[in-house]
Amino acid sequence: DVKVTQSSRYLVKRTGEKVFLECVQDMDHENMFWYRQDPGLGLRLIYFSYDVKMKEKGDIPEGYSVSREKKERFSLILESASTNQTSMYLCASSSWGLAGNTIYFGEGSWLTVV
Amino acid sequence: AQSVTQLDSHVSVSEGTPVLLRCNYSSSYSPSLFWYVQHPNKGLQLLLKYTSAATLVKGINGFEAEFKKSETSFHLTKPSAHMSDAAEYFCVVSDQPTGGGNKLTFGTGTQLKVEL
């Protein structure tokens, strides 16, 4: 069964802290994504990666960075957390191939910055 | 460029009645279109997808959607709502002209409420 695992479901961090959100997929997918989800705004793409050590900015990359050292793992990093980064973060993965390949999502990480 | 508009932020139906969740899209290429469902505190689950094959797409849990190019629409329907259908639904478009990348654009979501 397809699995995207986000190790931290609920986090509370202080303003200015460095935050790591980890994501692991077990499907040998090339593509991995980080989205944030906010009420009324849907999902917005932060960063994505199509290969190990490769990354591309999405629609809202400011304040975030990512790391992909291994194919199965994609980390989202908040260098200095701020209250406007309080959100639900969703990791996803997909494979190369025909357009329209299914994207599989993790269950999300709720981050509160105080 | 691509975009997607979900025309209703909230829809309320009675159990056993039909469900209609509306979605319009714009795309520079032939799009792939998806509907995802999200139950509370869960990730997104794929309901169905259209990728230039049959225009009427059947998905899980009795849902289906029809791709209408002339209307740039991809509305989601179900003949009879069940309480377990209460969730948020996202319409998604991808118009990557070649495979790979799968950069998706999400609608803002429609919250479906099912009442007894």
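The values are calculated or read from the model by the stated rules, or taken from the named source; none is laboratory data. Values in this document were obtained by computation on a predicted structure and should not be read as measured data. Don't worry about glycine lacking a Cβ; one is built from the backbone with ideal geometry, like all the others, and counts go over all protein chains shown. Protein only, heavy atoms only, side chains kept; ligands, DNA and RNA dropped before computing areas. Shrake-Rupley method; radii C 1.70, N 1.55, O 1.52, S 1.80 Å.
Using a 1.4 Å probe on the protein heavy atoms, what percent of the accessible area of the protein assembly as shown belongs to carbon and sulfur? Taking all protein chains in place, the protein assembly as shown shows 51 percent carbon and sulfur surface. Taking amide H as placed 1.01 Å from N in the peptide plane, A:Ser8 has its amide H under 5 Å from the amide H of A:Glu22, each at least 5 places away in sequence or on another chain. Quick one: compute a quarter of the convex hull surface over the Cα atoms of segment B:16-58 and quote it in nm². Spelled out: convex hull of the Cα atoms, projected over all directions, averaged, 4.5 nm². Counting only protein heavy atoms and using a 1.4 Å probe, the accessible area of B:Ile60 comes to about 60 Å².
Interface between chains A and B: roughly 2000 Å² of accessible area buried, both sides summed (probe 1.4 Å, protein heavy atoms only).
Accessible surface for A:Asp51 stands near 80 Å², nearest 10, in the context of the full protein assembly shown (1.4 Å probe). Note that the protein assembly as shown, at 20 °C in a medium of 1.002 mPa s, gets a Stokes-Einstein diffusion coefficient of 118 µm²/s from its Kirkwood radius over C-alpha pairs. Accessible-area rank, largest first, for A:Lys71, B:Lys113: B:Lys113, A:Lys71, with all protein chains present and a 1.4 angstrom probe. Summary of the geometry: segment A:1-27 and segment B:1-45, compared by the centres of their Cα atoms, lie 26 Å apart. What number comes out for the charge environment of B:Lys113, summing +1 per Lys or Arg and -1 per Asp or Glu over other residues with Cβ under 15 Å away? Net charge in that neighbourhood comes out at -4. These residues, A:Arg36, A:Arg14, A:Arg73, go from largest to smallest accessible area, 1.4 Å probe, as A:Arg14, A:Arg73, A:Arg36. All Cα-Cα distances of chain B, cut into 5 Å bins from zero to the largest, leave 2, 12, 24, 25, 19, 10, 5, 2, 0, 0 percent in each bin in turn. Contact order, relative form, for chain A: 36 percent (alpha carbon pairs under 8 Å, 6 or more residues apart, mean separation divided by residue count). Computed with a 1.4 Å probe over protein heavy atoms only, the accessible area of B:Tyr29 comes to about 120 Å².
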